[in-house]
Amino acid sequence: MIMEEKHISVLGSTGSIGTQTLEIARAYEHIKIRALSARSNIRLLEAQAREFSPELVCVTDEDRAAELKIKLADTPIKVVSGRGGLIEAACIDGADTVVTAVVGISGLEPTIEAIKAKKNIALANKETLVTGGHIVTKLARGNNVTILPVDSEHSAIFQSLQGCRNNREIKRILLTASGGPFFGKKRDELRNITPQDALKHPNWDMGAKVTIDSSTLVNKGLEVIEARWLFGTKNIKVLVHRQSVVHSMVEFTDNAVIAQLGAPDMRLPIQYALTYPARLPMKGNELDLLKYSPLTFEEPDTDTFFALTLAFDALKAGGIMPTVFNSADEAAVELFMRGKIPYLGISEAIAKAMSKIQNIENPSLEDILETDKAAREFVFCMQ
């Protein structure tokens with residue numbers, strides 16, 4: 001099959017999603033890399049830059065950017081830094097698609113600017129829609145930009161909706177969760193959990209922040225809010241599916257349920273976002289259903305993992321509350337990783353921030369960024 005060339009910018013190229021995106025680019029010559037970015041891992045970023053020869057690389061840590069500039073002095077590659085550099089990488093001329101794989105709310109502004117520059121978005125940064133979904137989706141419609149989900153769950157929903165004529169045919173979304181490493185445990189059993197314990201995910205190899213969020217079910221809560229903006233419905237149910245084979249499902253008004261199944265491998269949703277609507281061959285991710293039998297589904301334990309309930313509360317409240325939920329979590333996870341608060345303190349910090357910070361209906365980008373700062377400061381002052 002002859003494929004039209006696709007030119008992409010990868011924001012967060014040294015992380016889990018970013019490195020797997022480059023694996024796909026390595027396998028398909030029609031995928032060209034125009035820009036790369038990383039926070040501080042200049043050793044890997046230099047290697048990626050030399051292999052893929054982008055026009056531009058960004059290091060958001062300005063001190064490390066100066067180091068990389070020296071290392072790449074023998075190449076024509078432009079090295080930029082900071083928030084402005086990240087936006088420049090997102091908006092680079094010639095790129096038709098931006099893979100947003102940076103972690104946290106830092107992905108929001110580059111995504112907005114990329115949409116204004118009429119770039120399609122392969123979205124792996126769920127915080128973009130959690131905090132600014134009302135802004136981003138409106139901009140995407142106005143600029144005729146496509147947002148293609150990269151998270152395995154949202155990709156599964158997107159694939160299950162192929163052939164669906166409109167949102168009125170959707171009864172509800174069934175969002176699956178692995179349950180994380182502490183499935184079946186109660187609160188008393190989680191009081192002495194360490195970061196090392198929480199980083200042992202049973203099925204997925206992800207970055208530290210996402211892995212911790214998966215263990216508390218915060219990550220699933222963020223995915224619930226993201227799904228609302230991607231698919232236009234708040235009717236979302238979470239099911240714990242320990243095997244991580246059914247990546248999510250859609251239940252339609254006639255009670256038919258369509259699911260997407262696959263091995264626990266992020267390369268498939270990444271590749272589908274980059275090649276949609278085409279499906280291209282992939283090696284090494286075949287699904288052997290006999291290995292995973294039986295496939296089970298259970299209700300999440302929202303008493304123990306009450307952050308999931310907090311996410312639904314934030315979704316119902318709308319306005320600025322999803323930003324409070326997200327930003328309080330980012331600060332709390334940082335404190336937990338530094339040994340400053342206990343594991344259960346993550347969800348407790350989110351609950352306290354949501355109870356103290358006043359909601360703002362239809363927040364502006366400035367409101368979102370100010371609330372992000374306020375929620376972080378609130379959590380940091382709790383320790």
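Based only on other Cβ atoms within 10 Å, what is the fewest-to-most ordering of Cys91, Cys164?
Cys164, Cys91
Quick one: Phe252, Phe378, fewest Cβ neighbours within 10 Å first, how do they rank?
Phe252, Phe378
Which loop trypsin sites (Lys or Arg not before Pro) in the stretch 104-144, with loop taken from DSSP, have no more than 16 other Cβ atoms within 10 angstrom of their Cβ?
Passing sites in the stretch 104-144 are Lys118.
Could you tell me how far the Cα centroid of the stretch 145-202 sits from the Cα centroid of the stretch 205-248, in Å?
Measuring centre to centre over Cα atoms gives 2 Å.
Going by how many other beta carbons lie within 10 Å of each one, how would you line up Met321, Met382, fewest first?
Taking fewest neighbouring Cβ atoms as first place, the list is Met382, Met321.
Based on alpha-carbon centroids, what's the gap between the stretch 323-351 and the stretch 1-77 in Å, whole number please?
When both Cα centres are located, 31 Å separates them.
Report the antiparallel proportion of the DSSP beta bridges in the chain as a percent, rounded to a multiple of 5.
25
Specify the residue with the greatest mean-square fluctuation among Gly319, Gly180, Gly207, computed from a Gaussian network of the chain linking alpha-carbon atoms under 10 Å apart.
Maximum among the listed residues: Gly207.
Laboratory data are not the source of any read-out in this text; all were calculated from the coordinates shown. Bear in mind that the values here come from a model prediction, so they are computed numbers and not experimental data. Note: ideal-geometry Cβ built from the backbone for every residue, glycine included; neighbour counts use all protein chains shown.
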